[in-house]
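Report on one structure; see the data block that follows.
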Amino acid sequence: MGRMKSALEIFERLREGNLRFAEGLAGGGAPISPARRNELISHQDPFAVILGCSDSRVPAEIVFDQGLGDLFVIRVAGNIAEPSQIGSAEFAVELFGIPLIMVLGHSECSAVEATLEELMRPKEDRSPNLAVIVDRIRPAVAELIADEQIGEDDEVDPALINRAVRANIRAAVEHLKNNSPMLGDLVARRQLLIVGAEYSLTTGLIEVFTDGADSWE
């Protein structure tokens, strides 16, 4: 239970940092001085893993008001959990004993929107590298558009994008749990908490909405 207690303490640290950021008071919890930089030359001890989107508007250290060495951040378009991202999370959890992984998606995610558009209006000339991201997001959102109709010039319904964003975050959480025996075992033994959260581009606030959300309130 020691590591789980630590995970709940980390929740509070992240929540307080996010509130500072959203209220325009960031800076109080983010050491970035030369002294801190020198302190981290020989070691690091991040306290949480954040699997987030590469979107330039959602840099984890800033939106959580944290500094150098505080977070182990994995960023990829659409916050997907492919083998390289899962391996990075395993590396951090094993090496640093981190008890919390947060999958951090965000509102108006372009990668999710691109996937919805691909499902509704398939393109023949899509880059195979971009297709890897779209194909990872696709299963999480495909059932959401079963009854949707979209014309050649129509925009995707914003409400649909919002639902798809959360579905994609949940899928990444499940991929981390189910596609890594190591992480899954730690979760089963209550030594690791993996949660999904959404950052609002409008408010600057982060909402945890998967299992563990009660720890965020």
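The values are calculated or read from the model by the stated rules, or taken from the named source; none is laboratory data. Keep in mind it's a predicted model, so treat the numbers as computed, not measured. Cβ sites come from the backbone with ideal geometry, for glycine too, and all protein chains shown count toward neighbours.
For this structure, a couple of remarks:
- Complete set of residues in the range 33-76 that are surrounded by fewer than 19 Cβ atoms within 10 Å (Cβ to Cβ) and touching a Lys or Arg at 6+ places or on another chain (Cβ under 8 Å): S54, G67, L68, G69
- The one condition from (1) surrounded by fewer than 16 Cβ atoms within 10 Å (Cβ to Cβ); (2) part of a helix (DSSP H, G or I); (3) touching a residue at least 60 places away in the same chain (Cβ under 8 Å); (4) out of contact with any helix residue (DSSP H, G or I) (no Cβ under 8 Å at 6 or more places or on another chain) that V173 does not meet is (1).
- Unique match (being crowded, with 16+ Cβ neighbours inside 10 Å, of a type in the set (G, A, S), part of a helix (DSSP H, G or I) and modelled with pLDDT under 95) among A7, A26: A7
- Residue among A26, A89, A60, A111 that alone is within 18 Å of M182 (Cβ to Cβ) and either touching a residue at least 24 places away in the same chain (Cβ under 8 Å) or among the β-branched types (V, I, T) (or both): A89
- If only residues of the range 31-68 that are among the small types (G, A, S) and modelled with pLDDT under 95 are counted, the one that is farthest from E12 (Cα to Cα) is S42.
- Contact annotation: residue pairs with Cβ atoms under 6 Å, 6 or more positions apart or on different chains, pairing a residue in the range 7-23 that is closer than 15 Å to P59 by Cα with a partner that is at pLDDT 95 or above and β-branched (V, I, T), are N18/I206; F21/V63.
- For the range 148-163, the criterion of being within 21 Å of L201 (Cβ to Cβ), among the charged types (D, E, K, R), modelled with pLDDT of 85 or more and touching a strand residue (DSSP E or B) at 6+ places or on another chain (Cβ under 9 Å) is satisfied by no residue at all.
- Of the residues making up the range 202-217, not one is assigned to a loop (DSSP other than H, G, I, E, B), surrounded by 14 or more Cβ atoms within 10 Å (Cβ to Cβ) and free of Cβ contacts under 8 Å to residues at least 12 places away in the same chain.
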